[in-house]
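Take a look at the structure below.
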Amino acid sequence: MCGSKYTAIRLLFTGGDSVCLPNFNVYTGRMILIVDDKKENIFSLKTLLEIHHFDVDTAGSGEEALKKILKNDYCLIILDVQMPGMDGFEVAEAVSGFGKAKDIPIIFLSAVNTDKKFITRGYLSGGMDYVAKPFDPDLLLLKVKTFYKLYMQKKELDDIQVSLKEEINYRKKAEDRLQESYEELRNILESIPQIAFTASVTGQLEFVNQHWLEFATSRHDFPEVHPGDTTVAAILQQAIGSGEKLSAEIRIRERQSGSFRFHQLTVSPVRKDKNISKWVGVFSDIHAQRMTNQLLETMVVERTAELQTANTELAARNNELEQFAFVTSHDLNEPLRKIKVFVDLLRSRFLVNNKEAISYIDKITRSSVRMTELIDDLTQYSKLDIAAATVSIDLNQMLEEILIDLELVIREKQAEITIDSLPAIKGIPGQIRLVFQNLIGNAMKFVQAGTPPRVRIRAGRVEEPDSAEEAAGGRFIRITVADNGIGFDEKYLSRIFSVFQRLHTKDQYEGSGIGLSIVKKIIEKHQGYITAKSEEGKGATFIILLPLSTETKPA
């Protein structure tokens, strides 16, 4: 009986006795080829190897063995010497001539040819060992195991060698490509008009272009930097520390002139396989631009000071103008009031029955009235430039008060004025009141004879100034004042908002020609916009656009 570490097997070529063989733990991979013309020998040897976990293939002749060697990969050949046809020596010589199989180790087995000359021939024909039958199974297994491991190790070494060769070739090609890239980079840096350099990953200068020596004393030194600026080496180390592109404005000394010139230094990393392999720096001359900017900044400062002075003077002059307008209005109105009083006295005391004189007196009276209105309008127009605080205005209440003031005119002309619900707005109350007084007054003034005036005022919110659709959350308030008056040709749209511009003579329609100018100036002062749509004989619609916020202005 054999122990657990041994296997019993009957070896026919040892005389049929059973022997106990040790169990080897051999790592299997490629097959072992057994070549013998006797089936019983193949069976015994195959069984011995398979028990020890070897993969085994067999061949009954030299010719069959050669065919299998051409098709399959083997790690060891156990070859019988005495075979009909091709003997073992001839098979070994043929195998050693195959490029694919020449490195396969061969163990010769021989029961009769044990002379030295046969053993020598076996080694000369390519064999690695020569074993005589009957053989010691333990010894044969050790030899098989040794040659198997040697072959597998050699195979691994060959594979490693091939892999290393491929890796070397790959690295060589990569180095060649990298060198080509560096050469291309150097050629590019040499061709550009800027100062340029490359540095190692630690910040050592490697290459500088031809413009470098215009500012540096040698190709190994950085240019001299203005004492108030950061040095080039420090900027480069800062970029290396961050691992990112870095730009800085510095002044470097030009060797020929000795003066410092402003440059924009840009330091960029060059990466290979996500790792930084070197740094590239480029100096761009921005001296002219920098000098221009400094000049512009100086001019801006000077101009700002001039504007502040001019604003101070303008404020003083506006104050003087305001006082002048007040005095002028008072002084001009006083003679007009006297003219009116004395004309009335002449009419009542001396010219009651003189119709011709009364007609002249009426003309004087109408002229004095128009003069008074003109002075009042001009006074109002000049006061629009005076700063005033804005408050929240209830347009509904304001329009109600305006209609009360115009009650007599409305009743006289049988006017119909419709006002929809209007929103509250931010503004200067007195000026906004003038806007609606003028627009409603014009609507009742410029109508065809015998036609009662019809005026409608409505408002809505829009998102954009030119939007046709209303939006509940819009940024602008659009107010429209539409009438059924005489209208006008829209080619005169720009004229109607100009001072003293009239589309009709004062004999046809009363007025100073300043009303719409006042309206336009007030709306613009409130950061708004006013326009109108009209056709002759079909009325007019005035459109006012006001922002809800003073930060939002119509385009």
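The values are calculated or read from the model by the stated rules, or taken from the named source; none is laboratory data. Since the structure is predicted, the reported quantities are computational estimates derived from the model, not experimental observations. All Cβ positions, even for glycine, are placed from backbone atoms using ideal geometry, and neighbour counts span all protein chains on display.
Looking only at segment 526-547, how many residues end up being at positive phi and either in a helix (DSSP H, G or I) or of a type outside the set (Gly, Ala, Ser) (or both)?
1
Each row is one residue, and each column tells you yes or no for (1) closer than 16 Å to residue 423 by Cα; (2) touching a helix residue (DSSP H, G or I) at 6+ places or on another chain (Cβ under 7 Å); (3) modelled with pLDDT of 70 or more; (4) not in a strand (DSSP E or B).
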site	(1), (2), (3), (4)
458	yes, no, yes, no
469	no, no, yes, yes
509	no, yes, no, yes
516	no, yes, yes, yes
520	no, no, yes, yes
524	no, no, yes, yes
549	yes, no, no, yes
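Can we say residue 249 is acidic (Asp, Glu), over 32 Å from the mean Cα position of the chain (by Cα) and surrounded by 12 or more Cβ atoms within 10 Å (Cβ to Cβ)? Talk me through it step by step, then tell me what you get.
On the way: acidic (Asp, Glu): yes; over 32 Å from the mean Cα position of the chain (by Cα): no; surrounded by 12 or more Cβ atoms within 10 Å (Cβ to Cβ): yes.
When the stated conditions are applied, residue 249 does not pass them.
Among (1) touching a Phe, Trp or Tyr at 6+ places or on another chain (Cβ under 7 Å); (2) free of Cβ contacts under 8 Å to residues at least 12 places away in the same chain, where does residue 184 come up short?
(1)
Could you say whether any residue in segment 438-456 is under 52 Å from the mean Cα position of the chain (by Cα) and of a type outside the set (Val, Ile, Thr)? Give the steps one after another, and end with the answer.
Taking segment 438-456 as the starting set, the residues that turn out to be under 52 Å from the mean Cα position of the chain (by Cα) are 439, 456.
Narrowing the set further to residues that are of a type outside the set (Val, Ile, Thr) leaves 439, 456.
Within segment 438-456 (the criterion being under 52 Å from the mean Cα position of the chain (by Cα) and of a type outside the set (Val, Ile, Thr)), the answer is yes, since at least one residue qualifies.
Is it the case, given these coordinates, that residue 451 is of a type in the set (S, T, N, Q) and in a loop (DSSP other than H, G, I, E, B)? Even if it seems obvious, please write down each step before you answer.
Numbers: of a type in the set (S, T, N, Q): yes; in a loop (DSSP other than H, G, I, E, B): yes.
So residue 451 passes the test.
Test each condition in (1) without any contact (Cβ under 8 Å) to a residue 40 or more places away in the chain; (2) farther than 21 Å from residue 261 by Cα for residue 151 and report the one that comes out false.
Condition (1) is where residue 151 drops out.
Give me the residue from segment 84-126 that is closer than 17 Å to residue 31 by Cα and of a type in the set (Val, Ile, Thr) and, out of that set, surrounded by the fewest Cβ atoms within 10 Å (Cβ to Cβ).
107
How many residues are under 20 Å from residue 291 (Cα atoms) and of a type in the set (D, E, K, R) when one looks only at segment 242-254?
Looking only at that region, the number is 4.
Among all residue pairs at least 6 apart or on different chains, which show Cβ distances below 8 Å where the first residue, located in segment 277-300, is without any contact (Cβ under 8 Å) to a residue 40 or more places away in the chain and the second is aliphatic (A, V, I, L, M)?
none
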